[in-house]
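These notes concern the structure reproduced below.
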Amino acid sequence: MPPLNILYIHSHDTGRYIQPYGHAVATPNLQRLAEEGVLFRQAFTVNPTCSPSRACLLSGQCAHANGMLGLAHRGFSMNYEHHLVRTLKRRGYLTALAGIQHEASGPEASATIGYDRNLGKPPVAHEKAVEFLDAAPAQPFFLSVGFFETHREFPVEVVDDPRYTLPPAPLPDNPDTRLDMARFKTMARIYDDKVGQVLAALDRNGLAENTLVVSTTDHGIAFPRMKCNLHDSGIGVMLILRGPGGFSGGKVVDRMVTHLDVFPTICELAGIEPPAWLEGRSLGPLARNEVDHLHEEAFFEVNYHASYEPVRAVRTERWKYIRRYDGRTRPVLPNCDDGLSKDVWAAAGWGDQAPPEEQLFDLVFDPNESRNLAADPAYAEVLADLKGRLAAWMERTNDPLLEHGYVPAPETARVNDPDDFSPKHDPLPVWKYHRHE
């Protein structure tokens, strides 16, 4: 069999809001990918902000271990020697980037990471990826195709009628939130169409059989209490793998996995010795039903997005514990992207609601994480257990919060005032999305 190729397809701010996860969001190409591959219904990013999420997936390390504590275009960076591209290149892979990467900034960003080829940026990234596949690329290859969709701003013109659109929990159902979600759904359609073009090129060039397709997103959608948030609505992501090694047949996996498991999965299927720094485990045994689960617990963090917001969490199949470390009495609103849904919450007094220092949730009886059990004596034993697990992980991974009491930012970092309500924080200043380009 020819060497394993890897096609890494990743979007912005999509969460699990696509058709294969049961949402009324028309994404037929992703649906087909799920039906041909393996869908992980309980997949999570370990840091739900744009650059850290990708850096964690592509290094196999948590953010405070790989160094990416905030957004790359705001002065943060990672240990690029630990980037997946470097490991694959040492094993003879041709590495190519089409579109967004967001692990490095500046005109030489792709070279900083280590890519052999930079094929082009949005909105034509998918076309460049198709050209690459049509040109019979040298094998084995690693092709990263990064899409701007479904990042704000959403298209103004919508395909789905807002009158019959359901906004995501925990937002109220009103005309503004429905319109906001209808616009998201329109952009998701655009994204799916572009993904379909890339997958079609893989098929017609006879590459699908020996290519592992990894389709995911960085974090939850850009709505309140989602992106940049450690509730499941923020850390929950789509994750579909299709290819050899058991990733076929339309399987659905309900066990908890994270982005940290992607790097070791690629190592297993490509016959590469896993680097010592990897924190995750291969998804292969789970996909092949060789094990019942991979993780007893998973750990999550936020450090910087538009503003500083140090938060940590631990999650099991049943319980979630979230701890804030900034002592704030107001939410950090700059870390929620501007939009209609944010305006709805802000008008209702969101900015005056003090965020809890500790939160404990029962994910079976309270999957939307609306009832904080941290102060309930009936759950003291659960709380103590999770706090102990979180503390042990922070110690094991040399979390800077333990050493400094805060997370130091590099001198090059640009950080907003956390009390600035509407920062317009230029999340991706290199280009601007235009629907019809």
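Observations on the structure shown:
- Sub-7 Å Cβ pairs linking a first residue in segment 254-271 that is over 19 Å from Ala34 (Cα atoms) and modelled with pLDDT of 95 or more to a second residue that is surrounded by fewer than 24 Cβ atoms within 10 Å (Cβ to Cβ) and among the polar types (S, T, N, Q), at least 6 apart or interchain, are Pro264/Ser282; Glu268/Ser282, ordered by first then second residue.
- Residue within segment 261-280 that is part of a loop (DSSP other than H, G, I, E, B) and buried (at least 22 other Cβ atoms within 10 Å of the Cβ) present: yes
- Meets criteria (assigned to a loop (DSSP other than H, G, I, E, B), assigned by TED's automatic domain parsing to the domain that holds Arg54 and not β-branched (Val, Ile, Thr)) for Glu153: yes
- So Ile190, is it in a loop (DSSP other than H, G, I, E, B) and not assigned by TED's automatic domain parsing to the domain that holds Ser307: no
- Among (1) out of contact with any Lys or Arg (no Cβ under 8 Å at 6 or more places or on another chain); (2) within 27 Å of Thr329 (Cβ to Cβ); (3) modelled with pLDDT of 95 or more - the single one His404 does not satisfy: (3)
- Residue within segment 70-87 that is in contact with a Gly (Cβ under 6 Å, 6 or more places away or on another chain) and in a helix (DSSP H, G or I) present: yes
- Where Gln31 falls short, out of the listed (1) part of a loop (DSSP other than H, G, I, E, B); (2) over 21 Å from Leu286 (Cβ atoms): (1)
- Which listed residue is touching a Phe, Trp or Tyr at 6+ places or on another chain (Cβ under 9 Å), in the same structural domain as Glu131 (by TED's automatic domain parsing), of a type in the set (A, V, I, L, M) and not in a strand (DSSP E or B), from Ala98, Ala26, Ala65: Ala65
Okay, residues lined up against (1) within 30 Å of Arg183 (Cβ to Cβ); (2) among the charged types (D, E, K, R):
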residue	(1), (2)
Met68	yes, no
Arg74	yes, yes
Lys89	no, yes
Tyr93	no, no
Ser105	yes, no
Ser110	no, no
Ala129	yes, no
Phe142	no, no
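- Per-region count, segment 115-152, residues modelled with pLDDT under 95 and within 23 Å of Met187 (Cα to Cα): 6
- Verdict on Ala306 being outside the structural domain of Leu269 (by TED's automatic domain parsing) and touching a His at 6+ places or on another chain (Cβ under 6 Å): yes
- Residue that is nearest to His231 (Cα to Cα) [pool: residues in segment 342-362 that are of a type in the set (A, V, I, L, M) and crowded, with 16+ Cβ neighbours inside 10 Å]: Leu360
- Only one of Gly70, Gly75, Gly60, Gly22 that is of a type outside the set (S, T, N, Q), surrounded by 24 or more Cβ atoms within 10 Å (Cβ to Cβ) and over 22 Å from Cys267 (Cβ atoms): Gly70
- For segment 135-152, the condition holds for no residue, the condition being that it is free of Cβ contacts under 8 Å to residues at least 24 places away in the same chain and among the hydroxyl-bearing types (Ser, Thr, Tyr).
- Residues satisfying the stated conditions in segment 329-341, i.e. in a helix (DSSP H, G or I) and surrounded by fewer than 21 Cβ atoms within 10 Å (Cβ to Cβ): Leu340
- Within segment 202-225, tally of residues that are hydrophobic (A, V, I, L, M, F, W, C) and either touching a strand residue (DSSP E or B) at 6+ places or on another chain (Cβ under 9 Å) or surrounded by fewer than 21 Cβ atoms within 10 Å (Cβ to Cβ) (or both): 6
- Unmet criterion (only one of (1) in contact with a Ser or Thr (Cβ under 6 Å, 6 or more places away or on another chain); (2) of a type in the set (S, T, N, Q); (3) not in a loop (DSSP other than H, G, I, E, B)) for Ser144: (1)
The values are calculated or read from the model by the stated rules, or taken from the named source; none is laboratory data. On a predicted model such as this, the values are computed, not experimentally measured, just so you know. When we count neighbours, we look across all protein chains shown, and the Cβ atoms used for this are built from the backbone with ideal geometry, even at glycine.
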